[in-house]
Every structure is written in C-alpha cells, then in structure tokens.
Amino acid sequence: NDKPWTGTRLRAGDGYTRRELALGEGGRLVSAAQEFGREWEMLFARGAYTGLRLGDCCRLKWESINMESEIIQIVPHKTRRYLSGRYVTIPLHPELARLLATTPPGKRSGFVMQGIATDYIDSRWTISRMLDKIFKNAEIETSVHVDGRERRTPSATFHSLRHTFVSIAANVGVPIAIVQAIVGHTSTAMTRHYYHPSESALR
C-alpha cells in the first residue's frame, strides 16, 4: 500500500498553545528559583529577558555576551540545525546585565552557568525535574486538560517565558518584524503564533 495513512482521521485542530505568564506568576517563579541558588535565578532571568529556548539558555557561553555593547549574539541550536547558522542579536536587558555583572571579569569564560550546562548536556532529566519543582513551588499549574485529547497538555512551562517575551514586546509596540529578528523566527507568522495580545493592546 503506497498510501498507509488512507482512512486515518486527522485530529481536529483545537488551537491550543502554551500560554504566556502573568506578571504575578513571573515574580513567584523568580522567588521560587532563588531558593535553589543563583544559577537557577539566572536561568529564569535569561528566559524572561531574552526569549531564548531552554537549551540555549542552559548552554549560553560568555563568548556570546558583549557586556560593553550590551548585546547577546548567538546561533540558537534550532537555527543551527535548520538554517545554516544564522545569528540572532538580543539587546541585553539591564536586569539581566546586573545579574551577569556579579560574575567577576576574570571568571567570564566557558558556560555562564557551568552547573546547569553540565546537567543539561549529561542528564537533561535533572533539569526537567528541577523546573517541575520550581513551578510547583511557585504554585503554577504546568498542564491542563484539553477537550478531545486523552492526555493532559503542557500549559505553563519554561517555554512560556518565550511566549511572554514575544507578547510583552509586541504589546508595548515593538514592531513584529523586530520581535521576529530577536527571537529568531523564520517568519512573522510564527512570531504571531507566540503573541498573546493584552486587552490594553487590543484597545
């Protein structure tokens, strides 16, 4: 049979996607992360202020950060695989710059967070377990039941920080093409998929 999927019913599109985080949830996440040490606080700050995916946040190296020019320039892992190494340039948010500056200049080499980078590379389940614990301590539900799906669906996860970054930037008036360039999407259509308009922006 040259058409093995003949007769297979497609799942109805329910349009569900991971949500962005509310302001209060972001604050609770930071507080919960701080309890596990500076690297975990840095990880969540990096996700919130750059929009990078989890793997890129975990493996970020000092060589990608220019403290004087206040930019991060990196080839995201997903981009490296599919788009022949296209760089993205991310403005360095003042709060993230403050956290990075706590590392003495003489120690700014290799991975920014050596412990988390090692765990991500060698035992990724350790990172997943810690993230689950931090979300739980922050009292944020990470999955929901969606009608038509047998299993619970991821709702608020670390990737929600990427949705939040895109939404906040777009809601305050940053052109969608600029947001697209920062987060490294190949099209504005993908960026709009991440955009959750606020009521004030709609008004």
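Summary table below
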{"read-out": "Matching entry among I90, I116 (being within 16 Å of the chain's Cα centre (by Cα), assigned to a helix (DSSP H, G or I), among the hydrophobic types (A, V, I, L, M, F, W, C) and within 27 Å of A22 (Cα to Cα))", "value": "I116"}
{"read-out": "Where a residue in segment 107-118 is under 13 Å from G55 (Cα atoms) and its partner, wherever it lies, is of a type in the set (D, E) and open to solvent by 50 Å² or more (accessible area, probe 1.4 Å), with Cβ under 6 Å and at least six apart", "value": "M113/E39; I116/E39"}
{"read-out": "Pick from segment 150-184, criterion of a type in the set (S, T, N, Q) and more than 16 Å from T89 (Cα to Cα), ranking: modelled with the lowest pLDDT", "value": "T153"}
{"read-out": "Condition broken by I72, with the remaining ones in (1) touching a residue at least 60 places away in the same chain (Cβ under 8 Å); (2) under 17 Å from the mean Cα position of the chain (by Cα) satisfied", "value": "(1)"}
{"read-out": "Leading residue by the ranking (modelled with the lowest pLDDT) among those in segment 1-56 that are in contact with a helix residue (DSSP H, G or I) (Cβ under 8 Å, 6 or more places away or on another chain), outside any helix (DSSP H, G or I) and open to solvent by 80 Å² or more (accessible area, probe 1.4 Å)", "value": "R18"}
{"read-out": "Selection status of R98, outside any helix (DSSP H, G or I) and open to solvent by 60 Å² or more (accessible area, probe 1.4 Å)", "value": "no"}
{"read-out": "D119 modelled with pLDDT of 95 or more, of a type in the set (D, E, K, R) and open to solvent by less than 20 Å² (accessible area, probe 1.4 Å)", "value": "no"}
{"read-out": "Residue match in segment 135-155 (condition: surrounded by 12 or more Cβ atoms within 10 Å (Cβ to Cβ), in a loop (DSSP other than H, G, I, E, B) and of a type in the set (S, T, N, Q))", "value": "yes"}
{"read-out": "Among the residues listed as R86, R129, R151, the single one being of a type outside the set (A, V, I, L, M) and either in contact (Cβ under 8 Å) with a residue 24 or more places away in the chain or touching a strand residue (DSSP E or B) at 6+ places or on another chain (Cβ under 7 Å) (or both)", "value": "R86"}
{"read-out": "Leading residue by the ranking (modelled with the highest pLDDT) among those in segment 73-88 that are open to solvent by less than 60 Å² (accessible area, probe 1.4 Å) and farther than 25 Å from W125 by Cα", "value": "V88"}
{"read-out": "Inter-residue pairs, beta-carbon under 8 Å, first within 11 Å of E139 (Cα to Cα) and in segment 23-45, second aromatic (F, W, Y) and buried (at least 16 other Cβ atoms within 10 Å of the Cβ), 6+ apart", "value": "L29/F44; L29/F135; A32/F135"}
{"read-out": "Residue ID - most open to solvent (accessible area, probe 1.4 Å), chosen from residues in segment 172-203 that are outside any loop (DSSP other than H, G, I, E, B) and in contact with a strand residue (DSSP E or B) (Cβ under 9 Å, 6 or more places away or on another chain)", "value": "A181"}
{"read-out": "The one condition in (1) modelled with pLDDT under 80; (2) touching a Pro at 6+ places or on another chain (Cβ under 8 Å); (3) at positive phi that E70 fails to fulfil", "value": "(1)"}
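The values are calculated or read from the model by the stated rules, or taken from the named source; none is laboratory data. It should be emphasised that the depicted structure is a prediction, and the values quoted were computed from it without experimental measurement. Every residue, glycine among them, receives a Cβ derived from its backbone with ideal geometry; neighbour counts consider all protein chains shown. Surface accessibility is based on the protein's heavy atoms, side chains included, excluding ligands, DNA and RNA. Shrake-Rupley method; radii C 1.70, N 1.55, O 1.52, S 1.80 Å.
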